[in-house]
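The values are calculated or read from the model by the stated rules, or taken from the named source; none is laboratory data. A quick note: this is a predicted structure, and the numbers were derived from the prediction, not measured. Positions of Cβ are backbone-derived with ideal geometry, glycine not excepted, and every protein chain shown enters the neighbour counts. Note: accessible area is taken over every heavy atom of the protein model, side chains too, but ligands, DNA and RNA are not part of it. Shrake-Rupley method; radii C 1.70, N 1.55, O 1.52, S 1.80 Å.
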Amino acid sequence: MPVDSARLDTLTALSRKALWLSSWTIHHANHIRPNADGLKVGGHQASSASLATIMSALYFHVLRPEDRVAVKPHASPVFHAIQYLFGRQSREKLENFRGFKGAQSYPSRTKDVDDVDFSTGSVGLGVAQTLFSSLVQDYVKAHGWMKDRREGRMIALVGDAEMDEGNIFEALAEGWKHGLRNTWWVVDYNRQSLDAVVREGLWEKFETMFRNFGWDVVIVKYGRLMREAFAEPGGEALKRWIDNCPNALYAALCFQGGAAFRKHLHDEIGDQGPITRLIDRRSDDELLALMSNLGGHDMASMLEAFESIDHDRPVCYIAYTIKGVGLPFQGHKDNHAGLMTVAQMEKYRDSQNIRPGHEWDKYEGLPQSAAELDAFLARVPFNQDGRRLTAPVIEVPAQLAFKPSPQMSTQQGFGLVLNEIARGDSDLARRIVTTSPDVTVSTNLGPWVNRRGLFASAEKADLFRSEKIPSTYNWDASPKGQHLELGIAEMNLFIMLSALGLSHQINGERLLPVGTLYDPFIERGLDALNYACYQDARFMVAATPSGITLAPEGGAHQSIATPLIGMAQDGLASFEPAFVDELAVIMGWGFQHMQREPGEGGSVYLRLSTRSIEQAQRIMTPELQQGITDGAYWLRKPGPNAEVVIAYTGAVAPEAIEATGFVGESRRDVGLLAITSADRLHAGWTAARKLRRDRRGVQHLSHVEKLLAPLPRDCGIVTVIDGHPSALGWLGGVRGHRVEALGVEQFGQTGSIADLYRHYGIDANAIIDAAESLTTGAPVLHRKMAV
Ligand SMILES: Cc1ncc(C[n+]2csc(CCOP(=O)(O)OP(=O)(O)O)c2C)c(N)n1
Ligand SMILES: [Mg+2]
């Protein structure tokens, strides 16, 4: 739809207003309501200015309600300003920008009240999130769940230096493999990063790269003023000069102003008649306006660029901009955290015809009437209700089944539970979607994929199958498949899980994503995992093998820190079961937890093992089930005079059980505590203490406090985990018991499990030694002495 000049004027006026409001928000936080610590609030005025026109073009005109946007973190102030104009952000929150419960420094889905589609902050992640979100939309559509909803475009506003983040390139390759559509990345090509001016000619590299991956590339370099000047006599010489001007010099001249541009142009071009006249016809201010009229600051050029796209292939826009455009520090290489002085701000306010005291008035100083602007904003397609969708809860059976064997590993059990779900035709089976970065087979997702198939937008038979070559796995792909196979990049796994795990809000269709990877590589994708949790995406991640228990697999793959990551990661409930019946309970609980309301539910991390151990033969009672999901239960209840108890997590269960037997022969009332989730146990303890502090008189005890309450004061606790010992060492703090915390603090040796457990001190003998050190009495008979 061509834009008439009145509409163009209104859009331009609104973009000026958005820039003003973003600047005023930051100024207010620094000069009018300075923070109590006396620290400058910063606020990225320059970054915001860079995108003010582009974002106004998008939000006030181009976007449709079904579109979703990841806004470059440092454009948060201008984003909030646009939302304020829409009536979706309050003045109070803007006045409290970056303050407690105020508008957030970086747009946040969970912490901001305005219409944030994707949180951003850690650069690069929001960009990739749009790509995966588009693949998820394709998945939802292929499964017949789009109903009459229109496909949205997934749009990222990208800083040019943000493009340095490797995860963007990883995502780009993955998108290509999956036939990416409906994705726009708009690069704010201001040629400045935080520290410096970026390298020359980067745009050419971007252009080639994006085209290589099948993207359309639209370069928006010149604004309308420039294009008109290029048509004047001498215009071509001007264009040549602009094209050849190094980034740093262009930025410096933008900072210095019209007179500096004039001097440089004269010095470099000399007296050449038409070009000299073209320059001299303009005042300094007009010359600066011309030279800073890059495409990204010109409403008409941006609208034209956006509206020129008539296909659903991915598009990369490279929009030339000036960091801090229109503000006194425009183009200055140090402007990333630049703030305006009070005098500069007054001057800027006067230039916008804003009266003192009317800085927050939405339409102050604009040529259009308030009624006109109200009507305009009310009709903006994007500014409609119902952009954040919801989806009903998928029923999860009270008990997830699996085919038992006397000896099993938790990794095997994970495959068995999913296989059992896959055999049926429940809603749960239909809504689970699995994904893995090239470790589908080795993490035991194979049986699930065999039954539910690989996802692809077009049917593709597994060649080995069609050629009748025997293979354990059926890799037929179709639009009905339920497994998304990814390349090895773990960042992609977590961003994919993040996108899948927001489907209920983005697509109004709930998915229950399950991802798998090797436990140590959680650290490879950790920022993306953190990002996914911060957005409140809901997923289950099974990490296996783990710890040093993966033994002969290789020392390099051993993980030590992941139990602590599991405990410390907000929004992630972490479990490390020892037995498969526990795992089945946890997975059932997990699928429910993933669907609970914001603030109540979250994602789930299962730290699993390839170690096959003898399974507990028992009836799963509701009480046991509760203990497992709360984080612990007594595998052997301690007697009233317990001298020592052993508390273990995960794959070291056989060592703990064995040691308990030996210790029990010469120490009284020994107990064995099975800890399925140090995370839930600790969180419950913290919550109970807080409740008691907040509401004096409340007697609420947490699960771990109740478990440890019967232990005599001088009873010792030996904790053991194949991971960092501090994951369980805190148990002593609960009721003041002495603790010997066993675990792993170094890694890297290969060997058998027995070799490594002995070497790192988590075998039965080490447990027995620790128990002895906490007690008095005759030496305990050791296993090594017994054999
Ligand atoms: C992962 C990560 N590393 C570092 C930062 C700190 N940081 C914030 S902005 C920035 C540079 C941004 O430059 P660019 O993307 O070009 O944005 P501009 O401000 O120029 O628009 C850096 C390094 C961050 N936010 N995230
Ligand atoms: Mg930049």
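Look at (1) in contact (Cβ under 8 Å) with a residue 40 or more places away in the chain; (2) open to solvent by 30 Å² or more (accessible area, probe 1.4 Å) and you find that residue 243 fails only one, number (1). Candidates 130, 120: the one that is within 16 Å of ligand 2 (Cβ to nearest atom), polar (S, T, N, Q) and modelled with pLDDT of 95 or more is 120. Screening the stretch 199-215 for residues that are of a type outside the set (D, E, K, R) and within 16 Å of ligand 2 (Cβ to nearest atom) and picking the one that is surrounded by the most Cβ atoms within 10 Å (Cβ to Cβ) gives 206.
Please go through the stretch 162-195 and pick out each residue that is within 14 Å of ligand 1 (Cβ to nearest atom), open to solvent by 40 Å² or more (accessible area, probe 1.4 Å) and not in a helix (DSSP H, G or I). 165, 194, 195, listed by residue number.
Return yes when residue 775 is of a type in the set (Ser, Thr, Tyr), within 16 Å of residue 660 (Cβ to Cβ) and touching a Phe, Trp or Tyr at 6+ places or on another chain (Cβ under 8 Å) and no when it is not. Taking the combined requirement at face value, the residue does not satisfy it. Exactly one of these conditions fails for residue 301: (1) at pLDDT 95 or above; (2) in a helix (DSSP H, G or I); (3) surrounded by fewer than 22 Cβ atoms within 10 Å (Cβ to Cβ). Give me its number. Status for residue 301: all satisfied but (3).
If the condition is being under 27 Å from residue 481 (Cβ atoms) and within 14 Å of ligand 1 (Cβ to nearest atom), then the stretch 196-214 contributes no residue at all. When 566, 547, 555 are screened for being open to solvent by less than 10 Å² (accessible area, probe 1.4 Å), in contact with a Ser or Thr (Cβ under 8 Å, 6 or more places away or on another chain) and modelled with pLDDT under 95, only 555 passes. Considering only residues that are in contact with a strand residue (DSSP E or B) (Cβ under 6 Å, 6 or more places away or on another chain) and either at positive phi or within 14 Å of ligand 1 (Cβ to nearest atom) (or both), which ones fall in the stretch 129-161? Those that are in contact with a strand residue (DSSP E or B) (Cβ under 6 Å, 6 or more places away or on another chain) and either at positive phi or within 14 Å of ligand 1 (Cβ to nearest atom) (or both): 129, 156, 157, 158, 159, 160. Listed here are the helices (runs of 4 or more DSSP H) enclosed by the stretch 341-436 that have at least 2 residues being among the acidic types (Asp, Glu): 342-351, 370-379. Note on the stretch 216-233: residues that are open to solvent by 20 Å² or more (accessible area, probe 1.4 Å) and either free of Cβ contacts under 8 Å to residues at least 24 places away in the same chain or not in a strand (DSSP E or B) (or both) total 9. Among the candidates 136, 116, 123, the residue that is touching an Asp or Glu at 6+ places or on another chain (Cβ under 7 Å) and either open to solvent by 30 Å² or more (accessible area, probe 1.4 Å) or of a type in the set (A, V, I, L, M) (or both) is uniquely 123.
In the stretch 159-187, the residue that is nearest to the chain's Cα centre (by Cα) out of those that are within 24 Å of residue 381 (Cα to Cα) and within 16 Å of ligand 2 (Cβ to nearest atom) is 185. Would you confirm whether or not the stretch 370-379 contains a residue that is surrounded by fewer than 12 Cβ atoms within 10 Å (Cβ to Cβ) and more than 33 Å from the chain's Cα centre (by Cα)? Yes: the stretch 370-379 contains one or more residues that are surrounded by fewer than 12 Cβ atoms within 10 Å (Cβ to Cβ) and more than 33 Å from the chain's Cα centre (by Cα). For the stretch 38-109, the helices (runs of 4 or more DSSP H) that sit wholly inside it and include 2 or more residues that are within 16 Å of ligand 1 (Cβ to nearest atom) are 45-57, 76-86.
Inspect the stretch 453-469 for any residue being within 30 Å of residue 613 (Cβ to Cβ) and open to solvent by 40 Å² or more (accessible area, probe 1.4 Å) and give the result as yes or no. So far as the stretch 453-469 goes, no, none of its residues is within 30 Å of residue 613 (Cβ to Cβ) and open to solvent by 40 Å² or more (accessible area, probe 1.4 Å).
Of all the numbered requirements in (1) more than 30 Å from residue 554 (Cβ to Cβ); (2) touching a residue at least 60 places away in the same chain (Cβ under 8 Å); (3) polar (S, T, N, Q), residue 749 misses one, and that requirement is (1).
The set of residues in the stretch 210-257 that are among the small types (Gly, Ala, Ser), under 25 Å from residue 196 (Cα atoms) and touching a helix residue (DSSP H, G or I) at 6+ places or on another chain (Cβ under 6 Å) comprises 223, 257. Scanning the stretch 735-759 for residues that are touching a strand residue (DSSP E or B) at 6+ places or on another chain (Cβ under 9 Å) and open to solvent by 20 Å² or more (accessible area, probe 1.4 Å) returns 738, 739, 740, 741, 742. Looking at 536, 527, 519, which is the one that is in contact (Cβ under 8 Å) with a residue 12 or more places away in the chain, at positive phi and not small (Gly, Ala, Ser)? The match here is 536. Here residue 781 does not fit the description of being of a type in the set (A, V, I, L, M) and either without any contact (Cβ under 8 Å) to a residue 40 or more places away in the chain or buried (at least 20 other Cβ atoms within 10 Å of the Cβ) (or both). Hey, does the stretch 658-670 have a residue that's of a type in the set (Val, Ile, Thr), open to solvent by 20 Å² or more (accessible area, probe 1.4 Å) and touching a Leu at 6+ places or on another chain (Cβ under 9 Å)? Within the stretch 658-670, not a single residue is of a type in the set (Val, Ile, Thr), open to solvent by 20 Å² or more (accessible area, probe 1.4 Å) and touching a Leu at 6+ places or on another chain (Cβ under 9 Å). Of all the listed residues (196, 156), the sole one being within 25 Å of residue 504 (Cα to Cα), within 16 Å of ligand 2 (Cβ to nearest atom) and in contact with a Lys or Arg (Cβ under 9 Å, 6 or more places away or on another chain) is 156.
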